[in-house]
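Below: the structure, in structure tokens.
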Amino acid sequence: MPDPSQAAAAIDAAQHIKAFPTDFAGFVSGTWQVWVDGGWVMIPLGLVTILAYYEVTALFMHLSKTGITRLKKTPWTQWIDNPEAGTGHFGEVIRYVLRDGLNAESIVNRIASVRQALIPEVNQKITLISVYITVAPLLGLFGTVIGMLTTFKGLAVNTGQTIDMVAEGIRVALITTQTGLQIAIPGYILLSLTVRRRNEYNAFLATLESTLVQKCRLLEKEKAEKAGA
């Protein structure tokens, strides 16, 4: 027959189970309770969350200011012949690159300086954010290990509180694992969008360099043909 004390503990635990809150106050209260019940592992998880999402949001907004999302709709190829007509960040880049005119060496050097001014810093931020996002599920796994140790301890102790210790250990293990994944999955999505914008900016600079260098070579070829004639 089942132990009456264990059955009573199970009934008491079932009475404390609440449905998912539908109001904002209940959601906030439930979320806070989850963080409290998760144990001390939730503290570094919270710090990692703040650092990761602050950095990825700031970097995403910084790249958005360049107007890279509007690149396909921007007639920047027309600005090569008339740099003063260029607007926004891309117009500034084209005017800077063509400051010395259609000179291939100057164009290559200036585009390299533009790339050097932005891309290395962005790459460093992406690496840092990747570390933060990767640490989150690892911390969740660490909480899982702690919870399972509590569970095994409950199984090893032959007392009336065994079921309570087992249930508490499994609950803590699931809380930290779930929290780590909830932090990491949206973070990876935001990071992938940021990397995509970095790559689009790099592609723009490469296309601009190729277009201008080809234009310089065509002009040099035309001058050589006229000189030969």
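The values are calculated or read from the model by the stated rules, or taken from the named source; none is laboratory data. Treat the numbers as computed from the prediction; the structure is a model and nothing was measured. For neighbour counting, all protein chains shown are included, and Cβ atoms are generated from backbone atoms with ideal geometry for every residue, glycine included.
Things worth noting here:
- Segments classed as helices (runs of 4 or more DSSP H), wholly inside the range 1-105, with at least 3 members that are modelled with pLDDT of 70 or more and under 30 Å from Ile185 (Cβ atoms): 24-37, 42-64
- In this structure, Ala173 does satisfy being surrounded by 14 or more Cβ atoms within 10 Å (Cβ to Cβ), at pLDDT below 90 and touching a helix residue (DSSP H, G or I) at 6+ places or on another chain (Cβ under 7 Å).
- Note on the range 126-143: among residues that are of a type outside the set (A, V, I, L, M) and under 28 Å from Gly38 (Cα atoms), the one that is surrounded by the fewest Cβ atoms within 10 Å (Cβ to Cβ) is Thr134.
- Looking only at the range 196-212, and only at residues there that are of a type outside the set (Asp, Glu) and surrounded by 17 or more Cβ atoms within 10 Å (Cβ to Cβ), the one that is farthest from Thr66 (Cα to Cα): Leu212
- Any hit, the range 113-125, residues being surrounded by fewer than 16 Cβ atoms within 10 Å (Cβ to Cβ), without any contact (Cβ under 8 Å) to a residue 24 or more places away in the chain and touching a helix residue (DSSP H, G or I) at 6+ places or on another chain (Cβ under 7 Å): no
- Only residues that are under 31 Å from the mean Cα position of the chain (by Cα) and not β-branched (Val, Ile, Thr) were counted in the range 72-95, giving 9.
- Long-range neighbours under 6 Å by Cβ, at least six apart or interchain, first residue part of a helix (DSSP H, G or I) within the range 126-151, second of a type in the set (A, V, I, L, M) and loosely packed, with under 15 Cβ neighbours inside 10 Å: Pro137/Leu181
- Of all residues in the range 74-86 being in contact (Cβ under 8 Å) with a residue 12 or more places away in the chain and within 26 Å of Thr194 (Cα to Cα), the one that is surrounded by the fewest Cβ atoms within 10 Å (Cβ to Cβ): Thr77
- Close pairs from the range 201-213: first within 17 Å of Glu92 (Cβ to Cβ), partner among the basic types (Lys, Arg) and at pLDDT 90 or above, Cβ under 6 Å, at least 6 apart: Leu205/Arg115
- Residue match in the range 179-191 (condition: surrounded by 13 or more Cβ atoms within 10 Å (Cβ to Cβ) and farther than 28 Å from Tyr53 by Cβ): no
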